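Participant: If you scroll down you'll find the structure; I have some questions about it.
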Amino acid sequence: MKLQGLTVITNALNIATELSDCPGLMLIMLGGLLRQISSSFVGPQAEAMLSELHADRLFLAVDGFSLDIGPSTPDILEAHLNEGMMDAARETTIVADFSKLGRRSVSKIGSIERVHRLITDSHAPADFLDAVREKGIEVVVA
């Protein structure tokens, strides 16, 4: 895979490993405390590193995406880092399969008004997707 001129910033160990041998790709890995369940780094070290960076697009996989609170995750430290990622990005795309839609997890990541796009699967309820579109969010069913 050739991704000339693309820079990827991630806190996810599996994403970094997958992209580590892509020619032409600049990979920035955020460090910190390893959250083993998700193989991702969180905490003050990751937040400090992120605070110095900016991005055009954020693709954020979430554990919950509801119409009232927006994206959420079960881990407080991850939620805080994800909110910082939303702050650093010009555009936020939420990636969530149908089982995450309408669901709330423990920790709110950021306001639904800050979400530009939702990528989901063909099992997503049509009424939920219509409500998302009514909020001005683009929906992509893959």
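Participant: Between ILE37 and ALA126, how high is the FRET efficiency from 1/(1 + (r/R0)^6) when r is the Cβ-Cβ distance and R₀ = 41 Å? Nearest 0.05. Each step should come with its number before you reach the end.
Facilitator: Working: r = 32 Å, r/R0 = 0.78.
E between ILE37 and ALA126, to the nearest 0.05, is 0.80.
Participant: Okay, moving on. What is the log10 of I(q)/I(0) for the chain, computed with the Debye formula using one identical point scatterer on each Cα and no solvent, at q = 0.11 Å⁻¹?
Facilitator: For the chain, the Cα-only Debye profile gives -0.41.
Participant: Here's something else I'd like to know. For a paramagnetic label modelled at 7 Å from the Cα of GLU138 toward its Cβ, which residues of region 91-117 fall within the zone defined by backbone nitrogen distances under 12 Å?
Facilitator: The answer is 91-94, 116-117.
Participant: For every other residue with a beta carbon closer than 14 angstrom to the beta carbon of GLU91, add +1 if it is Lys or Arg and -1 if Asp or Glu, then tell me the sum.
Facilitator: 0
Participant: Still on this structure, please answer the following. State, to one decimal in nm, how far the label point of ARG104 lies from the label point of GLN45, with both points 7 Å from Cα in the Cβ direction.
Facilitator: Label at ARG104, label at GLN45, 3.4 nm between them.
Participant: Rg over Rh of region 1-53, using C-alpha atoms and the Kirkwood radius, what does it come to? Intermediate values should be presented prior to the final figure.
Facilitator: Numbers: Rg = 11.7 Å, Rh = 11.5 Å.
We get a ratio of 1.01 for region 1-53.
Participant: For GLU78, what charge total do you get from the other residues with a beta carbon under 10 Å from its beta carbon, if Lys and Arg give +1 and Asp and Glu give -1?
Facilitator: Numbers: positive: ARG35; negative: ASP63, ASP75, GLU83.
Around GLU78, the charge tally is -2.
Participant: With runs of 4+ DSSP H residues as the only contributors, calculate the mean residue ellipticity of the chain at 222 nm using -39,500 (n - 2.57) per run, divided by the residue total and rounded to the nearest 500. It would help to have the intermediate numbers written out before the result.
Facilitator: Numbers: 4 runs with 36 residues, N = 142.
Computed ellipticity for the chain at 222 nm equals -7000 deg cm²/dmol.
Participant: Given contacts defined as C-alpha pairs under 8 Å and at least six residues apart, what's the relative contact order of the chain, whole-number percent?
Facilitator: Working: 291 pairs, mean separation 25.7, N = 142.
Once divided by the residue count of the chain, the mean separation gives 18 percent.
Participant: Helix 76-88 against the longest principal axis of the chain: what's the angle in degrees, Cα atoms only, rounded to the nearest 10?
Facilitator: Tilt relative to the chain: about 90 degrees.
Participant: Could you work out the local net charge near ARG57, counting Lys and Arg as +1, Asp and Glu as -1, over the other residues with Cβ closer than 12 Å to its Cβ?
Facilitator: Details: positive: ARG90, ARG117; negative: ASP56, GLU91.
Its environment carries a net charge of 0.
Participant: Does a label point 7 Å from the Cα of GLN4, set along Cα-to-beta-carbon, have any residues of region 20-52 with amide nitrogen under 12 Å, and which are they?
Facilitator: 24-25
Bear in mind these aren't lab numbers, they're just calculated from the coordinates by the rules spelled out. Bear in mind the structure is a predicted one, so any value in this text is a computation, not a measurement. Positions of Cβ are backbone-derived with ideal geometry, glycine not excepted, and every protein chain shown enters the neighbour counts.
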